[in-house]
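First comes the structure, then the notes that go with it.
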Amino acid sequence: MEENVQLNLELMKKEQKANSFIRKLLRNKTAVIGLIIILITIICALFSPLLSTHDPNKVNTVEAFKKPGEDGHILGTDEYGRDLYSRIVYGSRISIIVGVLATSLGAIIGIILGLISGYKGGITDNIIMRLMDGMFAFPFILLAIVMMTVLGSGLQNVVFAIGIANIPSYARIVRGQVLVVKEQDYCQALVALGASKFKIVFNHILPNILSSIIVYATLNIAGAIISEAALSFLGLGIQPPTPSWGNILKSGKDYLITAPHIASFSGLAILMTVLGFNLFGDGVRDALDPKQKQ
Amino acid sequence: MFKYTLKRLVQLIPTLFIVVLIVFIITRVIPGDPAAVMLGPQASVEDVENLREKLGLNESIWSQLGDYLKGLLKGDLGDSYYYNEPVSDIIAERFPATFVLSISSMIISLLVGIPIGVISATKQYSKFDYITMILALIGISMPVFWLALMLVLIFSVNLGWLPSVGMGSEGFVDIIKHLILPSISLAVISAGVFARFTRSSMLDIIKEDYIKTANAKGLKQKVVVWKHAFKNALPPIITIVGIQFSSLLSGAILTETIFSWPGMGKLIVDAIEKRDYSLVQGGVIFVAFVYVIINLAVDLSYALLNPKVRAGFEGTSEGRK
């Protein structure tokens, strides 16, 4: 009976905490703007066939380089006469998929390595962290570029390259937090009570450091979207005719004088989405960790 | 400080070794024959075999790694397949351009970002604060390659004010003219980061008692802000400057490609297109080394400016003095 009451109290506390987080987040105007931008991008990605006005891959050279608004093409057409608006709408799919999957891949592996490194300490910590230092020694995009060169282009490889390049940041953040949390009284008490290491790490330490991981991951999605665009812009990422904002921008670069709208709109789509995630990420951080709000 | 420097230098050795190892593993162990990839699908089996022999790919990976490390210690990064020149010579020729671009971008971003951050902090929640912080966030969200294209479109194509290709060779003024657009496009993100970080760091300091005391003593606002507050807000800013300097190297890879700036970024991207693996490998290792050394310099300057860091390490001796 007493256990049930305690369980209910704990659930209520968790619910209150979640409610207060959502309230704080929704009170933050810039975070709400960010959330709206993210939702628009997600809706574009999910309902591309419904929202697009033309087939994004249909070549019609007669219609090439139409200006925005000309002949029913909201944002004009590209060098092959393909509708730019439809290509940008479909391009949101790649950005969201890469943003979410690459961030998740980097986060999952990085969190596990950070937890092991921080909790175990000693030689395990040393080996993992030196490896992370080595990976951290590369400029992020360079590591991704090198991997893409070897792996070859394609969605799967883009996710893999950006995800792997993300691992060291998560491992470092998690390790630093674990070092602090594991010394706290409740963790020491769990050790004294004979709780298994696995249980302590995953059931007790991880939930306590989750907020900083969530903040970082939200901001990291923005980074992953830019990285995908950069790789595709360099010709290493998503290959045409599949529309991605990066490869649309790449083709726009070649026609900057004759058709500046191609580069302008595709880049604007990247900027707005990244800005959305950054605004939202800042809001999440402020709501989860008010100490950082300045 | 000497002990601290020594410790950081020793820590550098395994990091650098791992850097070489990672590049090696990525370029050699992952499926695919580098020699076949370099020569393309039309190459004969004989040609591929000859190139494998020339590159030492027929030896075991450990023997290849050993040879490469030996060469590396002597400054030998192998030979470029495409240019038929030592990789180290090509890098020595190209790196100064990247260095100039990174330094000029850093100067621009510091000159813009730090004063904005300081003023925003002293005028917290004012219109200036809101507008500049929104602009800073837009700057941080900016895809550098898109900004570069837009600058070319406006200032080179439409207005015809500035050149958009190459580094220029007709004297100092010509080089500066060529430098403006690439360095501005590279500086925008860093300026945004500096503005936000300086503001946050200054706000922490402004709340301290000694600042209130300085204000109460009737010191001029300028003196309180720049001499007392900013000086103490500086150590964390220096760390972020170092981090940004490293990320400028990342940004340079893309910026140089757009502006055909003859630096390391363009060199590596071109080498990838030409499938010149030795050059890619050498270039990447070199950039990573520079990246590591910048981070070391940042850590050391941070320790120099912040006695607590040194005391934390030397605890028993210097910390007690």
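A few points about this structure:
- When residues of the range A:244-293 are limited to those that are assigned to a loop (DSSP other than H, G, I, E, B) and touching a residue at least 40 places away in the same chain (Cβ under 8 Å), the one surrounded by the most Cβ atoms within 10 Å (Cβ to Cβ): A:SER244
- Taken together, the residues in the range B:188-219 that are more than 15 Å from B:PRO235 (Cα to Cα) and among the polar types (S, T, N, Q) amount to 3.
- Among the conditions (1) at pLDDT 90 or above; (2) of a type in the set (S, T, N, Q); (3) farther than 22 Å from A:ALA107 by Cβ, A:ASN157 misses just one, which is (3).
- Condition met for A:ALA144 (assigned to a helix (DSSP H, G or I), touching a residue at least 60 places away in the same chain (Cβ under 8 Å) and within 11 Å of chain B (Cβ to nearest Cβ)): yes
- Residue check, B:SER164 touching a residue at least 60 places away in the same chain (Cβ under 8 Å), under 18 Å from B:TRP261 (Cβ atoms), assigned by TED's automatic domain parsing to the domain that holds B:VAL193 and part of a loop (DSSP other than H, G, I, E, B): yes
- The range A:149-158: number of residues that are assigned to a helix (DSSP H, G or I) and either buried (at least 23 other Cβ atoms within 10 Å of the Cβ) or among the polar types (S, T, N, Q) (or both): 4
- Hits in the range A:57-75 (condition: in a helix (DSSP H, G or I) and touching a residue at least 12 places away in the same chain (Cβ under 8 Å)): A:THR61, A:VAL62, A:GLU63, A:GLY72
- Considering residues of the range A:159-200 that are of a type in the set (S, T, N, Q) and not in a helix (DSSP H, G or I) only, the residue surrounded by the fewest Cβ atoms within 10 Å (Cβ to Cβ): A:SER196
- Boolean, A:LEU236 is surrounded by 22 or more Cβ atoms within 10 Å (Cβ to Cβ), modelled with pLDDT under 90 and at the interface with chain B (Cβ under 8 Å from one of its Cβ atoms): yes
- Odd one out for B:ASP76 among (1) farther than 21 Å from A:ILE145 by Cβ; (2) without any contact (Cβ under 8 Å) to a residue 12 or more places away in the chain; (3) in contact with a helix residue (DSSP H, G or I) (Cβ under 8 Å, 6 or more places away or on another chain); (4) not basic (Lys, Arg): (2)
- In the range B:59-73, the residues that are loosely packed, with under 12 Cβ neighbours inside 10 Å and over 25 Å from the mean Cα position of the chain (by Cα): B:SER60, B:TRP62, B:SER63, B:LYS70
- Considering residues of the range B:165-187 that are more than 30 Å from B:PRO235 (Cβ to Cβ) and in contact with a helix residue (DSSP H, G or I) (Cβ under 7 Å, 6 or more places away or on another chain) only, the residue surrounded by the most Cβ atoms within 10 Å (Cβ to Cβ): B:PRO182
- Per the listing A:ALA222, A:ALA229, the residue uniquely under 14 Å from the mean Cα position of the chain (by Cα), crowded, with 23+ Cβ neighbours inside 10 Å and under 12 Å from A:GLY91 (Cα atoms) is A:ALA229.
- Pick from the range B:151-164, criterion surrounded by 13 or more Cβ atoms within 10 Å (Cβ to Cβ) and more than 7 Å from chain A (Cβ to nearest Cβ), ranking: farthest from B:LEU101 (Cα to Cα): B:ILE154
- Odd one out for B:PHE99, checked against (1) assigned to a helix (DSSP H, G or I); (2) within 14 Å of chain A (Cβ to nearest Cβ): (2)
Conditions tested, residue by residue: (1) within 11 Å of A:ALA137 (Cβ to Cβ); (2) within 12 Å of another protein chain (Cβ to nearest Cβ); (3) in contact with a Ser or Thr (Cβ under 9 Å, 6 or more places away or on another chain); (4) at pLDDT 75 or above.
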{"position": "B:PHE2", "(1), (2), (3), (4)": "no, no, no, yes"}
{"position": "B:LEU6", "(1), (2), (3), (4)": "no, no, no, yes"}
{"position": "B:LEU9", "(1), (2), (3), (4)": "no, no, no, yes"}
{"position": "B:THR15", "(1), (2), (3), (4)": "yes, yes, no, yes"}
{"position": "B:VAL20", "(1), (2), (3), (4)": "yes, yes, no, yes"}
{"position": "B:ILE26", "(1), (2), (3), (4)": "no, yes, yes, yes"}
{"position": "B:ILE30", "(1), (2), (3), (4)": "no, yes, no, no"}
{"position": "B:ALA43", "(1), (2), (3), (4)": "no, no, no, yes"}
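- Residue in the range A:123-135 that is more than 11 Å from chain B (Cβ to nearest Cβ), surrounded by fewer than 22 Cβ atoms within 10 Å (Cβ to Cβ), part of a helix (DSSP H, G or I) and touching a residue at least 24 places away in the same chain (Cβ under 8 Å) present: yes
- Helices (runs of 4 or more DSSP H) fully within the range B:193-281 that include at least 1 residues being touching a Lys or Arg at 6+ places or on another chain (Cβ under 7 Å): B:231-259, B:264-273.
Residue-wise test of (1) away from every other protein chain (no Cβ under 11 Å); (2) touching a Gly at 6+ places or on another chain (Cβ under 7 Å); (3) modelled with pLDDT under 85.
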{"site": "B:ILE272", "(1), (2), (3)": "no, no, yes"}
{"site": "B:VAL284", "(1), (2), (3)": "no, no, no"}
{"site": "B:SER301", "(1), (2), (3)": "yes, no, yes"}
{"site": "B:THR316", "(1), (2), (3)": "yes, no, yes"}
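- Among the residues of the range A:83-123, those that are modelled with pLDDT of 95 or more and among the charged types (D, E, K, R) comprise A:ASP83, A:ARG87, A:ARG93.
The values are calculated or read from the model by the stated rules, or taken from the named source; none is laboratory data. This is a predicted model, so every value here is computed, not measured. Every residue, glycine as well, gets a Cβ built from its backbone with ideal geometry; the counts of neighbours run over all protein chains shown.
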